[in-house]
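Here's the structure, in structure tokens; my notes come after.
The values are calculated or read from the model by the stated rules, or taken from the named source; none is laboratory data. Predicted model only: the values in this text are computed from it and were never measured. Note: ideal-geometry Cβ built from the backbone for every residue, glycine included; neighbour counts use all protein chains shown.
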Amino acid sequence: MLKRAQALFLSSLGAVLALVYVGGANAESAPSQLNMPQGVTEVSQAAYDIHMIMMWICTVIGIAVFGFMFYVMYAHRKSRGAVAENFHENVLVELLWTIVPAIILIVMAIPATTALLKVYDTENADIDIKVTGYQWKWQYEYLGEDVKFMSELRTPQDEIYGREPKGEHYLREVTEPLVLPAGKKVRFLITGNDVIHSWWVPDFGVKRDAVPGLFTSAWAKTDKPGTYVGECTELCGSGHAFMPVVVEVKEQAEYDQWLADKKAAAAEYASTIGKQWTFDELMVKGEEVYNRSCAGCHAVNGEGIPGVFPALKNSVIALGPVVEHLRVVVDGIPGTAMQSFADQLSEVDIAAVIHYERNAWGNDVGDITQPIDVLNYKQAK
Amino acid sequence: MAHGPATLADGWVKYASRWLFTTNHKDIGTLYLWFSFAMFILGGSFAMIIRAELFQPGMQLIKPEFFNQMTTMHGLVMVFGAIMPAFVGLANWLIPMMIGAPDMALPRMNNLSFWILPFAFAILVATLFMEGGGPNFGWTFYAPLSTTYAPDTVNYFIFGVHIMGASSIMGSINIIATVMNMRAPGMTYMKMPMFVWTWLITAFLLVAVMPVLAGAVTMMLMDINFGTSFFDAAGGGDPVLFQHIFWFFGHPEVYIIILPAFGVVSQIIPTFSRKPLFGYSSMVYATASIAFMSFIVWAHHMFTVGMPIAGELYFMYATMLIAVPTGVKVFNWITTMYKGSLTFETPMLFSIAFVILFTFGGFTGLMLSIAAADIQYHDTYFVVAHFHYVMVAGAVFSGTAAVYYWLPKWCGKMYDETMGKVQFWIAFIGFNITFMPQHFLGLAGMPRRYADYGLQFADWNMVSSIGAFMYGAAQILFLFNVVRTITHGKPVDKPEVWEGAEGLEWTVPTPAPYHTFEKPPQVK
Amino acid sequence: MSTEGNYYVPEQSKLPIVTATGMGILAFGAASWVIEGGSPTIFLVGLLIMALVMYKWWSIVIDENMRGLANDQLKKSYVLGMLWFIFSEVMFFAAFFGALFYVRVFANSWLGGEAAVGIFDDTPTDAAAANNEILWPGYQAEWPVMVTPDQAANGDAAMFKGPEQNMNFPGWSNLLSWLPLWNTIVLMTSSVTVHIAHTALKNDNRKKFNTWLGITVALGIFFLFLQAEEYIHAYQHMGLTLETGIYGTTFFLLTGFHGAHVTLGTCMLLVQWIRGLKGHFSHEDQFGFEASSWYWHFVDVVWVGLFLFVYVLA
Ligand code: HEA
Ligand code: HEA
Ligand code: CUA
Ligand SMILES: [Cu+2]
């Protein structure tokens, strides 16, 4: 009987090893990382260091404790003729194993405290960036620079749902990354627009919850240009896994150039806002915006998710007067998941998406909504 | 009271009414145990759906929205439906027998506590089939995702939690009253078996924190339906307030899950070491201090919300300290084995695995308590790995050990040792394949509650899923073992069942008669 | 206390499962009621079942007691049960008091751009300052919150608007028209009267017991009447409702749950009073009354906390 159990044990052990091997072997195609990254900032380095210290301490204690335990299990088994003794107390050892761990912990608290002080050292920043979490994208605003934009997932739905092979940067690519200058201390002021999100860039050692209605702050400073990828780490609804963070750190000169381009583009946009678009142009643009910004809730076919997100196909709003439709999209519906899009989308985008909703999926109102209408609506308020 | 319980032979009406109307602590214990196993299967099935979806990158089987519902329901069902009722079931069966009481102190309320549970969980599970779907905001249901942004069905969740909480409070008041009031003559507090001690302390924790949970869901209810602004900064409230209240409940909750498990292991290890428990009184004090500390460390779950640094430091130090009393317990167990005469029956195997894997999970817990490092760990699979080590290899393993250990006493039949060992090894190995890689995933940057992930996480996720199926299979084997023991097991007739077992429950005949200790025993 | 050997273990009972069913229906009904367009029917059915079965349950327990089935040890179980139940109620209120302290001490100052008063003056002020500059410009931290952050920033478009008036101490000249003060006096008095009733019972002075318990119940009802007045006044004349930001929220939730507990306590005492009139209780057997009076004292103590933290300390 016992033989059978042992055989089973051995074969399962074989299975484990095989699996671990598979895990390791595939590593060449996409490197499986095992440990925490050291990252590129002082804070991430501090986190890594304290992580390693803790790990080693636990390993050593673990080896001692389990080592002793395995020795006992081997030496004092009945089948080897061990006879039980009857002691059940010993004040000295009991005191010892209360005090020694306590001392270890007190010693540990010292580096743990210094590391934490680094995390909180947000004073004297060179640049302030406001980071806002939206369902399900990030908005970055360069405070004092008049530059702000949305950054959302670029991976197409077809890749996610397996209709197309997954690209190399699957779920790690965004429409527009956050750009930072190297060598400057950047302070992030983080908040949320709807629910709580959490802005995480492992290589910076920055993870801060984006709480709606309140700011939290964090900072980063790195000398290494490059692309750093992170994630949203607070459950924020069905798109939680689909709002990555991508940060590009550029040399100062490149950064300045980028910022200048950004401002120029904004000026250019402002000058063309009065342009009249044709029905079809707006439909094309609208579909693109819709699928990117609205389909997450209202579904690609406009049918929504019954009971959670209303259908726009045949909806009263989409078929009714355009002001109402503008009101919903520009101001949002307070107290619901339907947030204001005024800050997230440009006038052109809003006009296009409203136009699209009024004329797609068999909604054929037939009217045209122009960017200038959106601007007028906004200014009328 | 002399007549025995109805059996199937008395006709099904009588038999059914025995269970429906019972006031007998053993019957109620049995009901709890079966209910909890059913919930374990249900919660496990949700976990299997999660693991199947995460088998590969991309969305294959389900939509992200449903994935979130699965994660949430898995956590809720496992914690409140499987683990807690399992230990309440053990408490019902064992506490009266261990302290020499004729029954629980308040037998009718005892039955009420149980029968609320099926209703509570029926309501909770029913939401999955309603428009809007089940709760999708995680078992921690942070506002405002669970308030302003939740589907309407959240109201069912709220009231479900309310009555479930009422059940827990009544159940624990009953346990407190039983232990304080029903001990046999001579059974002083410091003679009580460890299991009774751990449950007494657990019951205190429950009475203290379940009402706080009730308060939290009540505030949600008001914010959702009646225009209040507890968790809305616009009105002067704060979403983070929710987290403080939740974790004031939530952290003691995790010790509510583990303390009875400590108790079980403290019964089993001495038996198979044939040696009394080492450091009994330090065990008691350690348990009490763990319970006390559990009230003052809650915000270690919130290291990334941007608390003032003074708060962060305080919660870090306080949390680290919990390692001390927990260490005392671990060392005591090992020293109990030291110079014993060890045998390795299935309950002992599960208990030893408990000690090893729980300690491992405790180590990762200690790492999590370091605030600066937790900034990297928080809400990643490293945390998921931590709590499955303490909860699955902790609570579930000890529960399994308990069932194997006391099953012969309950039904008078011995389980098949080989099958028990086979189950142990599949469970042990499957468990580690499932959750060990999750540490790597977390460190490498995979956040939890993710329906989909980048390609760099693909390998370990696949390994983890395979392990999960293996671990799931072990549970089927467990069910099979138990049922087979009840139907075909070898009868045991001596009271003490195990060679080294000590305690009042081993002095009554096997199987334990329907009523025990109607005349209190004298404890020396 | 240890087991004596004739502890009363009741036979099978249908009460628990009917109660559980009622509770399940009640919970399900409550949820479907609060959802928009829901109806209270199912809820009321559950409530009815619960009311009936509770009546039955307590009748049976009283009956068992009168038949002498309950020995001292069983009574001690009841005592323990009641005390721990009250403890759980204390914790329920603790959650709400905790929420009140948190918003007053922390959230409010952070929203107003300051570090939290007193305790942690090392708050990262950059974040708090940004709260006030960017998110809620114009918001001033004060308690009671009369202008919500939303209102300060968005004016009339705000979803949450503060109350017009609050319940704080209106100044000495208006002292006598300040309802909370009267409420405090009424409730404090009732604590004394219930104690007099208790002493009377211990001395087997039945008549005195009945009188003073009757007075206590009357005071309880009077308290509830005053509180109803206060609420009506708040809604109709003070612009103070549940929806008026965090002040209205905490005010109504704390006093409201207290009021609910006073209602329950009054009902309990009323039942004990009726039992007293029927001649139940003796100087040594009075658990039902004692339990109710403990509950009543608990409700009183909570009120003192409320009076201090909700009404007085601004
Ligand atoms: C049974 C349940 C259980 C138990 C017992 C524990 C035990 C511990 N837990 Fe765990 N924990 C959870 C269940 C549990 N936890 C759950 C469910 C979550 C996630 C909730 C969620 O977000 O969904 C969580 C999350 C969690 C976090 C938050 C992580 C995050 O979200 O970022 C933290 C942080 O401090 C933490 C810490 C600890 C610590 C320090 C212990 C300690 O008690 C461990 C103490 C034990 C030991 C240390 C080992 C034995 C000791 C020795 C051998 C002595 C010598 C050792 C040394 C001196 C090093 N836990
Ligand atoms: C004590 C509680 C407990 C227990 C026992 C378990 C058991 C398991 N958990 Fe648990 N888990 C939690 C508590 C628990 N979990 C909590 C609190 C969370 C957090 C939720 C949240 O984020 O809100 C969580 C989250 C969680 C996640 C993360 C989900 C996410 O972040 O999206 C995962 C992923 O792997 C997981 C897996 C598992 C597995 C594989 C098991 C296995 O041990 C289950 C084994 C049991 C069975 C499988 C059932 C029996 C067998 C059958 C039903 C037959 C069918 C079997 C096969 C097809 C093989 N759990
Ligand atoms: Cu945003 Cu998760
Ligand atoms: Cu915790």
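From the list B:I296, B:I245, B:I256, which residue is over 27 Å from C:T244 (Cα atoms), surrounded by 24 or more Cβ atoms within 10 Å (Cβ to Cβ), more than 16 Å from ligand 3 (Cβ to nearest atom) and of a type outside the set (F, W, Y)? Before the answer, list the steps.
On the way: B:I296 fails: surrounded by 24 or more Cβ atoms within 10 Å (Cβ to Cβ); B:I245 fails: over 27 Å from C:T244 (Cα atoms).
Exactly one of B:I296, B:I245, B:I256 is over 27 Å from C:T244 (Cα atoms), surrounded by 24 or more Cβ atoms within 10 Å (Cβ to Cβ), more than 16 Å from ligand 3 (Cβ to nearest atom) and of a type outside the set (F, W, Y), namely B:I256.
When only residues in the stretch B:309-319 that are within 9 Å of chain A (Cβ to nearest Cβ) and modelled with pLDDT under 95 count, which is farthest from ligand 4 (Cβ to nearest atom)?
Restricting attention to the stretch B:309-319, the residues satisfying the condition of being within 9 Å of chain A (Cβ to nearest Cβ) are B:309, B:312-313, B:316-317.
Then drop every residue that is not modelled with pLDDT under 95, which leaves B:309, B:312-313.
Working: B:I309: 20, B:E312: 15, B:L313: 17 Å.
Among those that are within 9 Å of chain A (Cβ to nearest Cβ) and modelled with pLDDT under 95, it is B:I309.
Specify which of the listed residues (B:N136, B:N155) is in contact with a Phe, Trp or Tyr (Cβ under 9 Å, 6 or more places away or on another chain), facing another protein chain (nearest Cβ under 9 Å), of a type in the set (S, T, N, Q) and not in a helix (DSSP H, G or I).
Details: B:N155 fails: not in a helix (DSSP H, G or I).
Matching residue, one of B:N136, B:N155: B:N136.
In the stretch A:173-194, is there at least one residue being within 14 Å of ligand 3 (Cβ to nearest atom), in a loop (DSSP other than H, G, I, E, B) and touching a helix residue (DSSP H, G or I) at 6+ places or on another chain (Cβ under 9 Å)? Lay out the reasoning, then the answer.
The first filter runs over the stretch A:173-194 and keeps only residues within 14 Å of ligand 3 (Cβ to nearest atom), leaving A:174, A:190-194.
Now drop any that are not in a loop (DSSP other than H, G, I, E, B), which leaves A:193-194.
Then keep just the ones that are touching a helix residue (DSSP H, G or I) at 6+ places or on another chain (Cβ under 9 Å); that gives none.
Scanning the stretch A:173-194, I find no residue that is within 14 Å of ligand 3 (Cβ to nearest atom), in a loop (DSSP other than H, G, I, E, B) and touching a helix residue (DSSP H, G or I) at 6+ places or on another chain (Cβ under 9 Å), so the answer is no.
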Condition check for A:T272: away from ligand 2 (no atom under 16 Å from the Cβ) and away from every other protein chain (no Cβ under 14 Å): yes
Any idea which of C:G46, C:G24, C:G38 is closer than 23 Å to B:V161 by Cβ and assigned to a loop (DSSP other than H, G, I, E, B)? C:G38
Given the condition hydrophobic (A, V, I, L, M, F, W, C), within 21 Å of B:I322 (Cα to Cα) and more than 9 Å from chain B (Cβ to nearest Cβ), answer yes or no: does some residue in the stretch A:108-119 qualify? yes
Consider C:F289 carefully, then state whether it is more than 15 Å from the chain's Cα centre (by Cα) and either modelled with pLDDT of 90 or more or buried (at least 17 other Cβ atoms within 10 Å of the Cβ) (or both). yes
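Does the stretch B:61-86 hold any residues that are within 16 Å of ligand 4 (Cβ to nearest atom) and of a type in the set (A, V, I, L, M, F, W, C), and which are they?
The initial filter retains those residues of the stretch B:61-86 that are within 16 Å of ligand 4 (Cβ to nearest atom), namely B:75, B:79, B:83.
Answer for the stretch B:61-86, where residues must be within 16 Å of ligand 4 (Cβ to nearest atom) and of a type in the set (A, V, I, L, M, F, W, C): B:V79, B:I83.
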Scanning the stretch B:366-385 residue by residue, those buried (at least 24 other Cβ atoms within 10 Å of the Cβ) and within 16 Å of ligand 2 (Cβ to nearest atom) turn out to be B:Y377, B:H378, B:D379, B:T380, B:Y381, B:F382, B:A385
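The rows are residues; the columns are (1) crowded, with 24+ Cβ neighbours inside 10 Å; (2) more than 10 Å from chain C (Cβ to nearest Cβ); (3) of a type in the set (A, V, I, L, M); (4) assigned to a helix (DSSP H, G or I).
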site	(1), (2), (3), (4)
B:I163	no, no, yes, yes
B:G171	yes, yes, no, yes
B:F195	yes, yes, no, yes
B:W199	yes, yes, no, yes
B:A216	yes, no, yes, yes
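Considering only the stretch A:54-66, I want to know if a residue exists there that is surrounded by fewer than 13 Cβ atoms within 10 Å (Cβ to Cβ) and either under 30 Å from A:Q257 (Cα atoms) or away from ligand 1 (no atom under 16 Å from the Cβ) (or both). So that I can check it myself, show each step before the final result.
First, pick out the residues of the stretch A:54-66 that are surrounded by fewer than 13 Cβ atoms within 10 Å (Cβ to Cβ): A:56, A:59-60, A:63-64.
Filter once more, so that each one left must be either under 30 Å from A:Q257 (Cα atoms) or away from ligand 1 (no atom under 16 Å from the Cβ) (or both): none.
Checking the stretch A:54-66: not a single residue is surrounded by fewer than 13 Cβ atoms within 10 Å (Cβ to Cβ) and either under 30 Å from A:Q257 (Cα atoms) or away from ligand 1 (no atom under 16 Å from the Cβ) (or both).
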Under 6 Å between Cβ atoms, which residue pairs at least 6 apart in sequence (or on different chains) link something in the stretch B:288-312 that is within 29 Å of A:D121 (Cα to Cα) and free of Cβ contacts under 8 Å to residues at least 24 places away in the same chain with a partner that is part of a helix (DSSP H, G or I) and within 14 Å of ligand 4 (Cβ to nearest atom)? B:I296/B:A318
How many residues of the stretch B:47-81 are within 30 Å of B:A458 (Cα to Cα), among the small types (G, A, S) and in a helix (DSSP H, G or I)? The answer is 3
When residues of the stretch B:222-269 are limited to those that are within 16 Å of ligand 2 (Cβ to nearest atom) and small (G, A, S), the one nearest to the other protein chains (Cβ to nearest Cβ): B:G250
Exactly one condition in (1) of a type outside the set (G, A, S); (2) more than 23 Å from C:L100 (Cα to Cα); (3) touching a His at 6+ places or on another chain (Cβ under 7 Å) is false for C:L306; which is it? (2)
Looking at the stretch A:27-42, which of the residues that are assigned to a loop (DSSP other than H, G, I, E, B) and modelled with pLDDT under 75 is farthest from the other protein chains (Cβ to nearest Cβ)? A:S29
Which residues, counting only those in the stretch B:276-308, are away from ligand 4 (no atom under 16 Å from the Cβ), within 12 Å of another protein chain (Cβ to nearest Cβ) and either within 15 Å of B:T326 (Cβ to Cβ) or of a type in the set (S, T, N, Q) (or both)? B:G279, B:S281, B:S282, B:M283, B:Y285, B:A286
Of the conditions (1) under 21 Å from B:F358 (Cβ atoms); (2) surrounded by fewer than 22 Cβ atoms within 10 Å (Cβ to Cβ), B:M419 clears all except one; give me its number. (1)
Looking at B:E518, B:E417, B:E502, can you tell me which residue is touching a residue at least 12 places away in the same chain (Cβ under 8 Å), at the interface with another protein chain (Cβ under 10 Å from one of its Cβ atoms), under 26 Å from the mean Cα position of the chain (by Cα) and away from ligand 4 (no atom under 16 Å from the Cβ)? B:E417
